[in-house]
Amino acid sequence: MENVLRPLIVVGGAVVLTLLIGWATDLLLRKADARHSETPLWGLLRRARVPYQLVLCAALLRGSYAQAELILKHRVAAGQVLTLVLIGSVAWLVVRIAGAVVESTYTRYARAHHDAARVRRVRTQVSLIMRVVTAIVGVMAVAAMLLTFPAMRAAGASLLASAGILGIVAGVAAQSTLANMFAGLQIAFGDMVRLGDTVVVDGEWGTVEEITLTFLTVRTWDERRITMPVSYFTSKPFENWSRGTPQMTGTVYWHLDHSAPIEPMREKLRDILRECPAWDGRDHGLVVTDSTPNTIQVRALVTAKDADDVWKVRVTVREQMITWLNAEHPYALPRVNTADAVLPPGGIIPSQDGAAAAAGRRLHEPPRTGRD
């Protein structure tokens, strides 16, 4: 009977005590979250309740497993497994607590600062810091697990002795990977590009959606994802429309007939912009920028508070101006001229030689028949 009750008491007691402590801790966190609503830290710490209870249970079982006298033949192996579970759960708990602290700090910073560019910069740095912390904690946890095996301890001296050579070999073999990792840190703390920035990369316009230590993802306007190594952004030029102020100036071009009414078009542009909510009211203008034998090029200049709004203003102006020209001034739209050329008075094309003048006269003579 004792052989049954002893393991049941030890294992069951550890589980029950873990549940009680976990419930009490969660209750305290909920009360603290309700009392301190200005910070989300306490609510975020509740996400760590699963690894917290796993740490408690593994620690209690590891300390009391010998008294349970369960599976005596495999006592050492069971103790080793509990130790590994304890190390892994501690690493998991540390990552969750670090994530809660970092996210809480970022949330409070975002609430206190209304500069979107600074908030995106801090968000980028925080996300990369969390990835670095997670990687460091994971490596340390794996190293600690390996050191629990006696064979690994004996091999530790030889591993340390050959660490220099292995480091050189790994550095040469993983040169591109290391370059991307250092480039990721440079992007995070050099403020080159941030999460949420509007960029143009290889002719593709999009928004930075994800930044890691090795790659960066850009979401295009048509919801495609372009994944590029972060080293690209430290070695090649690219457009970042969110640097400095997000305000932008956009242009709209039309190719129209030479008779297009320019001054009425300026007035119509003002009317269109007044009714366009995306226009920020800073500036506008309309000028003729070029001419060809058949058309003229008219350019409208508009402004908006960011890249998204300037796109809306441009398409609105282009569409409504074309509609207005088609309805009020259809002659201003470009067309293919198939009529005869208008000759100067007298019907003779001015020329310096008589042959050209004779050719001009023959051009307008009536056609001759065979009886002439």
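The values are calculated or read from the model by the stated rules, or taken from the named source; none is laboratory data. Only a predicted model underlies this, so the values are computations on that prediction, with no experimental measurement involved. Cβ placement follows ideal geometry from the backbone for every residue including glycine, while neighbour counts extend to all protein chains displayed.
Per-residue answers, yes or no, for (1) modelled with pLDDT of 80 or more; (2) surrounded by 16 or more Cβ atoms within 10 Å (Cβ to Cβ); (3) touching a Ser or Thr at 6+ places or on another chain (Cβ under 7 Å); (4) small (Gly, Ala, Ser):
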{"residue": "41", "(1), (2), (3), (4)": "no, yes, yes, no"}
{"residue": "48", "(1), (2), (3), (4)": "yes, yes, no, yes"}
{"residue": "53", "(1), (2), (3), (4)": "yes, yes, yes, no"}
{"residue": "78", "(1), (2), (3), (4)": "no, yes, no, yes"}
{"residue": "98", "(1), (2), (3), (4)": "yes, yes, no, yes"}
{"residue": "101", "(1), (2), (3), (4)": "yes, no, no, no"}
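For residue 213, the conditions (1) touching a residue at least 60 places away in the same chain (Cβ under 8 Å); (2) assigned by TED's automatic domain parsing to the domain that holds residue 287 all hold with the exception of (2). Go through region 237-285 residue by residue and tally those that are assigned to a strand (DSSP E or B) and touching a Phe, Trp or Tyr at 6+ places or on another chain (Cβ under 7 Å). Total satisfying the criteria: 1. Just to be sure, is residue 274 among the basic types (Lys, Arg), loosely packed, with under 15 Cβ neighbours inside 10 Å, out of contact with any Ser or Thr (no Cβ under 9 Å at 6 or more places or on another chain) and modelled with pLDDT of 85 or more? Judged against the criteria, residue 274 is a match. Tell me which residues, restricted to region 111-121, are surrounded by fewer than 18 Cβ atoms within 10 Å (Cβ to Cβ) and modelled with pLDDT under 75. Hits for region 111-121 are 112, 113, 114, 115, 116, 117, 118.
Only residues that are farther than 28 Å from residue 247 by Cβ and part of a loop (DSSP other than H, G, I, E, B): list them for region 303-338, please. 329, 333, 334, 335, 336, 337, 338 - these are the residues of region 303-338 that are farther than 28 Å from residue 247 by Cβ and part of a loop (DSSP other than H, G, I, E, B).
Note on region 234-248: residues that are within 15 Å of residue 196 (Cβ to Cβ) and crowded, with 16+ Cβ neighbours inside 10 Å total 4. Of all residues in region 220-236, how many are assigned to a strand (DSSP E or B) and more than 24 Å from residue 132 (Cβ to Cβ)? Count: 2. Restricting 245, 198 to residues that are modelled with pLDDT under 80 and within 30 Å of residue 298 (Cα to Cα) narrows the list to 245.
Table: residues versus (1) surrounded by 18 or more Cβ atoms within 10 Å (Cβ to Cβ); (2) modelled with pLDDT of 80 or more; (3) within 22 Å of residue 148 (Cα to Cα).
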{"position": "2", "(1), (2), (3)": "no, no, no"}
{"position": "17", "(1), (2), (3)": "no, yes, no"}
{"position": "27", "(1), (2), (3)": "no, yes, no"}
{"position": "66", "(1), (2), (3)": "no, no, yes"}
{"position": "91", "(1), (2), (3)": "yes, yes, yes"}
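Being buried (at least 19 other Cβ atoms within 10 Å of the Cβ) and over 38 Å from the mean Cα position of the chain (by Cα), is that true of even one residue in region 305-320? No, because not a single residue in region 305-320 is buried (at least 19 other Cβ atoms within 10 Å of the Cβ) and over 38 Å from the mean Cα position of the chain (by Cα).
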